[in-house]
Every structure is written in C-alpha cells, then in structure tokens.
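One structure below.
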Amino acid sequence: MANEVLRPGERLDDLLIGGLKIIQQADRFRFSLDAVLLAHFATVKRGAAAVDLGAGTGVLGLLLAARGAKRVTGVEISPEMADMARRSVGVNALDDRLAVVCADVRAIPEGALLAGRNWDLVVANPPYRPLGGGGVSPREELALARHELAGGLDDFVAAAAFLLKDRGRLAMVHLPERLTDVVGALRREGVEPKRLRLVHPAPGKAAKLLLAEGVRGGRPGLKVEPPLYVYGEDGCYSRELTAYYQAGE
C-alpha cells in the first residue's frame, strides 16, 4: 500500500515513535528535530483538539496524535507539502483524527478557514528568519520554511490567538535570539507566556532553540524550565531525547 501513495523521488520514513511513518523527499524539505522537541514540549491533554500552523510534512500532527490529541488540523501553504502530509495521514490510517488544509496562515483571523475560539491547543514552527536575515533558498518550500515570506511571527501568533479557546495553549519553537520578539508577540495578542525552555546541543554549548508556551487569557507568571540537552557528553542522544523515542515503542 505504501508504494501506491509514493510519488517519484519520495520515500517512506519511520518516525521511530509509535510505529508512525512519514512521506518525505530525500533531496527536498524534511522535518527536523525541532518538530519532535515541540511535540513533546507542548501540553497535550488527552482528547484535545489542536491546530498545527505551518504543517509542512505533517509530522507534528502525527506526533500530537501519538500523544493523545483527538483531532488535529494542519494548515500548510504549499499545495505539494499539504498533499504529501495528507498521504502520510492515510498511510498511518489516521484520517478520522487528522486533516490537512492547504491555506495561508494569514487568512485564519478572517474566520472563513477555521472556527475561532474552538481549539484547545495550537502548535507552530514558524519561519525563523525575517527577510534580510541570511540568504533565501531558491527552493520554494525551503524558503517558505526558513524565511518570513508568507507570514511571520506576528501572523502565526495572531492566527493562534483567533483559534484558541479561553485558557487554550499556544506552543512554539523559535530561535533564542528572537526571545523578546516571541514574548512581545504573545502578549500583544493576549496570550500570556507561561513556560520557556532553552534547547542546547550539549552541556556547555550555547542554546540553539527556544520552546515557549502561552495561555490565552492567562495570568502573568513565566516558568523557566531546566535546559534541554540534545546530546550528552558522550556524543549520544541525552537520556531525555532517548526517552522521547522509547516512550513511543
């Protein structure tokens, strides 16, 4: 069955979590560890209804389902990526729980795409780089994933604020250098930052990513969690990263 849904140049990869599979193209955009970190950082209550903004290959939706989300809708601007994500949903027989919409995140607050004030959780892995921040890839899917060509941080947070129920949560991954931008964007949209965690490649190395979670209508009070190390001093995945995969076996 898997071979029947693959297009030329595509392959079916094992996520190594919960027996999940994902369709990717070897020479084009593929999911990264960022998505795995975000999926495990987000507060996922069993039975939650969630939206994944900028769904890409659909990996976050699959991982959220594995963590207990009942319903996940991915929003992806690239028709090619959205189609690939839909086929991954089918390969995993999760059509009754996961859906992928091909649309621009910036259209969400207009109200025609998804119902507002209707979701328990929104996750976002937005483009990290503003225009002018480094060279833009000639490949459209890579350019959209890395640079704010079709919506930036403010647009993703505005979309999440529109979607979330009161006390609903927005979890996102971004760069440490943009921490003040992340906090400012959340607060402008009425999503109070509640949790923050920095991700380091290894002990003694500077942080490369930040994980942040806010609550719509929440009270002030930010918890800074212990640092997360991707690798231990032995060069292998840290115990925490290893546990992410072992938990899904």
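Quick check, is Val191 buried (at least 18 other Cβ atoms within 10 Å of the Cβ) and closer than 13 Å to Ala158 by Cα?
The answer is yes for Val191.
Would you point out the residue of the range 80-89, among those that are modelled with pLDDT of 95 or more and open to solvent by 20 Å² or more (accessible area, probe 1.4 Å), that is nearest to Ile22 (Cα to Cα)?
Arg87
Being surrounded by 20 or more Cβ atoms within 10 Å (Cβ to Cβ) and either touching a Lys or Arg at 6+ places or on another chain (Cβ under 9 Å) or free of Cβ contacts under 8 Å to residues at least 60 places away in the same chain (or both) narrows it down to one of Ala49, Ala55, so name that one.
Ala55
Which one is farthest from Ala69 (Cα to Cα), of the residues in the range 86-115 that are of a type in the set (Asp, Glu) and without any contact (Cβ under 8 Å) to a residue 12 or more places away in the chain?
Taking the candidates together, the pick is Glu110.
Scanning the range 2-52 for residues that are of a type in the set (Phe, Trp, Tyr) and not in a helix (DSSP H, G or I), which turns out farthest from Lys194 (Cα to Cα)?
Among residues in the range 2-52 that are of a type in the set (Phe, Trp, Tyr) and not in a helix (DSSP H, G or I), the one farthest from Lys194 (Cα to Cα) is Phe29.
Can you pull out every residue in the range 1-17 that is open to solvent by less than 50 Å² (accessible area, probe 1.4 Å), under 18 Å from Leu94 (Cβ atoms) and not aliphatic (A, V, I, L, M)?
Across the range 1-17, the qualifying residue is only Asp13.
Taking the range 92-119, which residues are among the aliphatic types (A, V, I, L, M) and either at pLDDT below 95 or open to solvent by 30 Å² or more (accessible area, probe 1.4 Å) (or both)?
Ala93, Ala99, Val101, Ala107, Ala112, Leu113, Ala115
Could you tell me whether the range 202-224 includes any residue that is open to solvent by 20 Å² or more (accessible area, probe 1.4 Å), out of contact with any His (no Cβ under 9 Å at 6 or more places or on another chain), within 18 Å of Asp52 (Cα to Cα) and modelled with pLDDT of 95 or more?
There is at least one residue in the range 202-224 that is open to solvent by 20 Å² or more (accessible area, probe 1.4 Å), out of contact with any His (no Cβ under 9 Å at 6 or more places or on another chain), within 18 Å of Asp52 (Cα to Cα) and modelled with pLDDT of 95 or more.
Kindly check whether there is at least one residue in the range 50-57 that is at pLDDT 95 or above and over 18 Å from Asp104 (Cα atoms).
No, the conditions are met nowhere in the range 50-57.
From (1) buried (at least 24 other Cβ atoms within 10 Å of the Cβ); (2) in contact with a Gly (Cβ under 6 Å, 6 or more places away or on another chain), pick out the condition that doesn't hold for Val122.
In the conditions (1) buried (at least 24 other Cβ atoms within 10 Å of the Cβ); (2) in contact with a Gly (Cβ under 6 Å, 6 or more places away or on another chain), Val122 misses (2) alone.
How about the range 53-93: which of its residues are among the basic types (Lys, Arg) and assigned to a helix (DSSP H, G or I)?
Across the range 53-93, the qualifying residues are Arg86, Arg87.
Please state which of the following conditions Ser78 fails to meet, knowing it meets all the rest: (1) small (Gly, Ala, Ser); (2) within 25 Å of Gly168 (Cβ to Cβ); (3) in contact with a Cys (Cβ under 9 Å, 6 or more places away or on another chain).
It is condition (2) that Ser78 fails.
The values are calculated or read from the model by the stated rules, or taken from the named source; none is laboratory data. Since the model is a prediction, treat every value here as computed from it, not as a measurement. All Cβ positions, even for glycine, are placed from backbone atoms using ideal geometry, and neighbour counts span all protein chains on display. Just the protein is used for accessible areas: all its heavy atoms, side chains included, with ligands, DNA and RNA removed. Shrake-Rupley method; radii C 1.70, N 1.55, O 1.52, S 1.80 Å.
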